[in-house]
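Notes for the one structure printed next.
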Amino acid sequence: MPTDATAPAPFRAILCHFDSYSAALNFACWPERRLLWPSPLPECAALGPVSLPRDGEDARQAMARALGLPDSELVWAPDYDQGLRTPEGEIRVHLLRSTAFEPPTEALEAAGGAFKPISALRGYPPVELALVREVFNLIVGGAGHRA
C-alpha cells in the first residue's frame, strides 16, 4: 500500500450477505483461507482500538470494482467499528453488505471466493473469527457486544 500522506489508510473489509426472509447470514471467504479482503492479515494482528478514519466508502468502491458489482448493491455499514494493531501499524476493518436479493455468488467465485455461514468457518484464523462474530452480533443480535 502507498505510504504518502494522500494514500488511503490501511484497511481490510468483511463482505457479508443477509437474507432477511430466511435470516441466513453468509460471509465471503477468500483464497488463502481468510475472511478479510483484499489481503491476508499479518500473523501478529490483534484486535484493538485504532485511530484511523472510519469512513469505509473507499473500501466499498474498491470491492464493488474488484467484483464487478453495481454500486447500489454494496453498502458500507458505519455502525461496525473494529480495528487491528500490528507491529507495522494499525488496520481499520470495514463491514460491507451485499444488498442484492441473492448473494453475489458468481462474482465472488470468479475472484476465487465463496459464501459460507458462520457455522462453516471453523478453522479460520481466530482474530478473523472474532471480527465476524461481531458482525453476527450486529446483524442478527441487533447490537454488537462491547466489553
### Query
For the modelled label position 7 Å from the Cα of Ala130 along Cα-to-Cβ, which residues of the stretch 22-64 have backbone nitrogen atoms closer than 11 Å?
45-49
### Task
Report relative contact order for the chain in percent, whole number only (criteria: Cα-Cα under 8 Å, sequence separation at least 6).
30
### Message
With a cap of 11 neighbouring Cβ atoms within 10 Å, and only residues DSSP puts in a loop, list the GluC sites (Glu not before Pro) found in the stretch 39-139.
### Response
Glu43, Glu88
## Note on the structure
Whole-Hz Karplus couplings 3J(HN,Hα) for the stretch 110-117, θ = phi - 60° and coefficients 6.51, -1.76, 1.60, Gly and Pro as x, run 5, 8, x, x, 7, 8, 9, x
### Task
Consider the candidate values (1) 16.9; (2) 15.5; (3) 20.1; state which one is Kirkwood radius over Cα pairs in Å computed from the structure displayed.
(2)
### Query
Percent antiparallel among DSSP beta bridges with both residues in the chain, to the nearest 5?
75
## Note on the structure
Within the chain, excluding any chymotrypsin sites (Phe, Trp or Tyr not before Pro) found in a DSSP loop (not H, G, I, E or B) and having at most 16 other Cβ atoms within 10 Å, the longest uninterrupted segment runs 22-100
### Message
Just to be sure I follow the definition: excluding the sites themselves, where is the longest run in the chain that has none of the trypsin sites (Lys or Arg not before Pro) in a DSSP loop with at most 10 other Cβ atoms within 10 Å?
### Response
1-121
### Cα centroid of the stretch 29-67 to Cα centroid of the stretch 103-131, whole Å
13
#### Entry: For the chain, calculated [θ]222 nm from helices alone, where every DSSP H run of n ≥ 4 adds -39500 (n - 2.57)
-6500 deg cm²/dmol
### Query
Of Ala110, Ala66, Ala46, which is the most mobile in a GNM of the chain whose springs link Cα atoms less than 10 angstrom apart?
Ala110
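Just so you know, all these numbers are worked out from the coordinates, no wet-lab data involved. Values in this document were obtained by computation on a predicted structure and should not be read as measured data. A quick note on method: Cβ atoms are made from the backbone with ideal geometry, for glycine too, and the neighbour counts reach across all protein chains shown.
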